[in-house]
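Trainee: Have a look at this one.
Derivation of every value follows stated rules applied to the coordinates shown; laboratory data play no part. These numbers were taken from a predicted model, which means no experiment stands behind them. With ideal geometry, Cβ positions are generated from the backbone for all residues, glycine too; neighbour counts draw on all protein chains shown.
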Amino acid sequence: MEVPVDYDEVGWFTGGGRPGSTGPTVIAAHVDSPTGPAVFRHLADVSTGDVIEVHDSQQRTHLYRVTETQDYAKALFPTAQVFGATPRDELRVITRGGVFDRGTGHYLDNRVVFAERI
């Protein structure tokens, strides 16, 4: 899954679910850019129990309740847990997280927010 080039756009994993359907809808975007905050700048503030709104292409709103937030080292990213099939409508929100390595210009972790449809 590629993160969008535009720092204010959200990418959607086309091999997964869609909001309102069975399976995980997986979206990803940047937390910041070389010039400042990006679209997922507030993702670090999301906690278990919070509600996330997702708006689809038909302008419908889908509500999800956060069940878990976790930072994963990139080498230990839980691919099956994030992208694997689920029996219900769920959401995965991914961005960069953890410590920023100025030497490489990259974050060391990925932040993943897990949520279930309400």
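Trainee: Is it true that some residue in the stretch 28-37 is in contact (Cβ under 8 Å) with a residue 24 or more places away in the chain, farther than 22 Å from THR104 by Cα and surrounded by 12 or more Cβ atoms within 10 Å (Cβ to Cβ)?
Mentor: no
Trainee: Which members of the stretch 101-115 meet the condition of being surrounded by 15 or more Cβ atoms within 10 Å (Cβ to Cβ) and in contact with a Leu (Cβ under 8 Å, 6 or more places away or on another chain)?
Mentor: Selection gives ARG111, VAL113, PHE114, ALA115.
Trainee: Let me ask something else. Which pairs do you get when a residue that is touching a residue at least 60 places away in the same chain (Cβ under 8 Å), found in the stretch 2-14, comes within reach of a residue that is in a loop (DSSP other than H, G, I, E, B), reach meaning Cβ atoms under 6 angstrom, with the pair 6+ apart or on two chains?
Mentor: Final answer for the pair search is PHE13/MET1.
Trainee: Name the residues in the stretch 1-41 that are of a type in the set (Gly, Ala, Ser) and over 12 Å from the mean Cα position of the chain (by Cα), would you?
Mentor: GLY15, GLY16, GLY17, GLY20, SER21, GLY23, SER33, GLY36, ALA38
Trainee: Show the residue pairs meeting these rules: Cβ distance below 7 Å; 6+ apart or different chains; first residue within the stretch 52-63 and under 21 Å from PHE114 (Cα atoms); second residue of a type outside the set (Phe, Trp, Tyr) and part of a loop (DSSP other than H, G, I, E, B).
Mentor: Sorted first by the residue in the stretch 52-63, then by its partner, the pairs are VAL54/PRO19; ASP56/PRO19; HIS62/PRO19; HIS62/GLY20; HIS62/ASP56; LEU63/ILE118.
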